[in-house]
1. Can you sort Phe155, Phe302 by 1.4 Å-probe accessible area, starting with the largest?
2. For Ser230, Ser97, give me the order by solvent-accessible area with a 1.4 Å probe, most accessible first, ignoring ligands, DNA and RNA.
3. Which listed residue (Pro120, Ala81, Cys50) has the Cα farthest towards the positive end of the charge dipole for the stretch 1-159, taking +1 on Lys and Arg C-beta and -1 on Asp and Glu C-beta about the Cα centre?
4. Which percent of the accessible area of the stretch 112-160 is formed by carbon and sulfur heavy atoms (probe 1.4 angstrom)?
5. Enter the mean projected area of the convex hull around the alpha-carbon atoms of the stretch 42-165, in nm², rounded to one decimal.
6. What value does the stretch 260-335 have for Rg/Rh, both radii from Cα atoms and Rh as Kirkwood defines it?
7. At a probe radius of 1.4 Å, what is the per-residue accessible area of Lys90, in Å² to the nearest 10?
8. Placing unit charges on C-beta atoms (Lys and Arg positive, Asp and Glu negative, everything else neutral), compute the dipole magnitude of the chain about its Cα centre in debye, rounded to 20.
Amino acid sequence: MLKLESIRKSRTEERRRTLRAAFLLDSLSGQSDEAIAQHHHVSRSTVVLCIQKFLQFGLDAALGELPRTGKPRQLPDDAIAWVQHLACQKPKEHGYSYELWTYKLLVAHLRQHCVAAGHPALLRLSQSKLHKILRQGELRPHKIRYYVEKRDPDFEVKMASVLHVYKEVEIVNEYRRGEAGRQLGMVTISYDEKPGIQAIATTTPDRPPVVGTHPSHLRDGEYVRLGTVSLLAGLDLHTGRVTETVSDTHNSGDFIAFLQKLDSAYPEHHQIRLVLDNHSAHISKETRGYLQTMPQRFIFVFTPKHGSWLNLIENQFSKMTRTMLRGIRVASKQELIDRIHQYFEEVNAAPVVFRWKYKMDEIIIV
């Protein structure tokens, strides 16, 4: 009785369970089947069936559904397992030119080889049924998901070093706010290159949106490639300001020119610490020669190989790609360069201090 009362009053139970619990409680209180049916606005046979299931099979059967007769399964478990196992292989392993299965190709292959494999029930397999079988096994053999292999044996150590830098910067920034902008002895710059930014020109002028006619800009699909440029940029993790250079290449000479720009941008008594990747230009003979002329001025903290996602400047590059560079068209390569510089002037007019949050609580400064 208490369980039935709880189910009937529940706000989270299924409607059919609360209704059937009410049938049983009303019946136990002495009400007739007809009266119960009229009170709950159902047929008398519905009430009778619920009570009969309770008397024959118990409370759980009365509140739920009894097994029903139906068409027997056409595909046995071993046939389903064979389909899923085959889907985990590549078509080229079976003599096809395809790299990935399509539903049409996989169905055709299954029908052709199912009898020899001992699964004749698959002769009438449809693409929709194949989809259900693959979904049952959580398989999507027509898709590729990319990942980055950890090829740096010191990945964790280098990652910890970078995160220690970010944690230190966070502490220093908090301290500076309390000290009313106290001067730093060291500045930390997140640096990277963004090569291959394309200068693309239209062949005809874009057409602007027109109210009631077309809602977006119209652009001819034809375009002209004018070349590419490389962006070298450093994000000041204390102020959010960006120092950038733009050139046709991103070799050692370009990197040294960027370091010289940083050198002129910060006071002489500051050390400049750069978080950067393992690009050859950063460790080349020319770069090392330049650094020797300025001892103790620059400190490099390298991200792990295939760990550029640890570099905060990547967030700035991502934002730039999604906003300023998205769909950009220029009349010349120089216009692209000028607009990139203008973009960073706008960024530096209202800088945002980036913070690294992922796994920061696991890093302890020692």
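1. Phe302, Phe155
2. Ser97, Ser230
3. Pro120
4. Working: 2020 of 3980 Å².
That fraction is 51 percent.
5. 17.0 nm²
6. Rounded to two decimals, Rg over Rh is 1.06.
7. Solvent-accessible area, nearest 10 Å²: 80 Å².
8. The dipole of the chain has a size of about 1620 debye.
The values are calculated or read from the model by the stated rules, or taken from the named source; none is laboratory data. Model, not experiment: these values are computed from the prediction. Heads up, the Cβs are rebuilt from the backbone with ideal geometry, glycines too, and the neighbour counts pull from every protein chain shown. The accessibility values were calculated without ligands, DNA or RNA, using every heavy atom of the protein model including side chains. Shrake-Rupley method; radii C 1.70, N 1.55, O 1.52, S 1.80 Å.
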